[in-house]
């Protein structure tokens, strides 16, 4: 099951694809990256992920694995002994890591998206409020998991560092675009420092997208959405 | 980490608590069940799951684990060698099982709830449509995972049987209440037969709630909701 051909279908701007790239980097596993055009999805993407038709998909020796958190766990389990383990060895600590990883996507990210995708100003304000609640919980989670060490995984990065780390470039882009950082130094000093620490890692420099490119991309997408809304009102 | 005191905070009607009870039953692990009153949550529940304040919570030697799918994986990993493994041994098959388990909660269950909780008839109809799409995908998943054998896990039950099996009593209750069964024999013959097969297991008889009790409970909750809506219109 280990070794062999690894293809990752993703896009440079997808934090979920970046999550998988980070996991592969930390494990020291090389792969082929295939950049998808989400407006014109490849037959390989559609046939590999027929249920969701979304990136990322990791194809290992012809077998597709979908959904970023499931892919990262797969990489850790299929490549045992290759590079460091991402998930903790202890079952309880593993459960805690899975709990917070789910929380990142289900609560933090969902609320954060609402801060700029909300249909009304009230929805956006509620998004900000809920994002700050989620960030506060994650600040406590960092304290619990890191036990005073630099990463969620302790002395070295682990599953939660990968799960949240894929969002670090968007923290910076979001601050430039909207002046909003969920991990503000005043309210979340530990996570604010962690964002800097994670961003300084070789893996982050190699894998995370450039902040200015993300900002330009987000502005382009906003302009397109505004044009589409304007056209649909005609 | 294994052995020791196990308390499960749940309610008899919560399919997520039933999911954990099924896992414990299949592994042959005994535990104390603590029935929660969700209108008056215990201090133990709130302090054990301060983030979501929801059942189920499994407390193992004083340490709480939350979110049913994470609890089931914890049980499998913390009690290796006690009873059968629920997750497959092969990393790829494990990823597939996790993918479909997430799909059960995120797509099937979310759509199914919309079939009766939708605010308008259109929303309810969309719920039915999406539930049938999800059921069709799960029918194919059963074929893929079971490989012609009686359960998702093959010859014996596994993670996906537990994940979906906790809904079997609601399949019957939903049919009595609304005349709707997502796993209709015509469209989902394999899952329809699996529902019967799973329901006939000793574990199901011991753990799943009684259909008529569920039907009465659902009617009572509907009457309460209608009364509340009527009061709020005054």
### Message
Using Cβ contacts closer than 10 Å as the measure, can you line up B:145, A:166 from fewest to most?
### Response
B:145, A:166
### Summary
Here the Kirkwood hydrodynamic radius of the stretch A:6-78, Cα-based and in Å, equals 11.9
#### Entry: Separation of the residue B:227 and residue A:180 label points, Cα + 7 Å toward Cβ, nm
4.1
### Query
Distances from residue A:179 to the same residue in each other copy, label points 7 Å out along Cα→Cβ, in nm, shortest first?
5.8
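Take the Cα atoms of chain B, build their convex hull, and give its volume per residue in Å³. Before the final figure, lay out the partial values.
Details: hull volume 30.8 nm³, N = 234.
Taking only Cα atoms, chain B has a hull volume of 132 Å³ per residue.
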### Query
In whole Å, what are the Cα extents of the protein assembly as shown along the three principal axes, biggest one first?
60, 59, 49
### Query
Under 15 Å from the 7 Å Cα→Cβ point of residue A:213, by amide nitrogen: which residues of the stretch A:169-190?
A:169-170, A:173
### Query
Considering chain A as a Gaussian network with a 10 Å cut-off on Cα pairs, which listed residue, A:138, A:201, A:214, attains the greatest mean-square fluctuation?
A:201
## Note on the structure
What helix-only [θ] at 222 nm does chain A give? Using -39500 (n - 2.57) per DSSP H run of at least 4, over all residues, to the nearest 500, the answer is -18000 deg cm²/dmol
### Task
For residue A:3, go 7 angstrom from Cα along the Cα-to-Cβ vector, then report the distances to that same point in the other copies in nm, smallest first.
4.1
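Below 8 Å between Cα atoms, with a sequence gap of 6+, how large is the relative contact order for chain A in percent?
Values: 288 pairs, mean separation 41.7, N = 234.
Here the relative contact order equals 18 percent.
For the stretch A:108-234, what's the relative contact order in percent, using C-alpha pairs closer than 8 Å and at least 6 residues apart? Walk me through the numbers before you get to the answer.
Numbers: 108 pairs, mean separation 23.2, N = 127.
So the answer I get is 18 percent.
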### Task
Obtain the nm distance between the two label points defined at residue A:137 and residue B:122 by a simple spin-label model: each point lies 7 Å from its Cα along the Cα-to-C-beta direction.
3.2
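Read-outs throughout are calculated quantities, based only on the coordinates presented, and are distinct from any laboratory measurement. Predicted, not measured: the structure shown is a model, and the values here were computed from it. All Cβ positions, glycine included, derive from the backbone under ideal geometry; neighbour counts span all protein chains shown.
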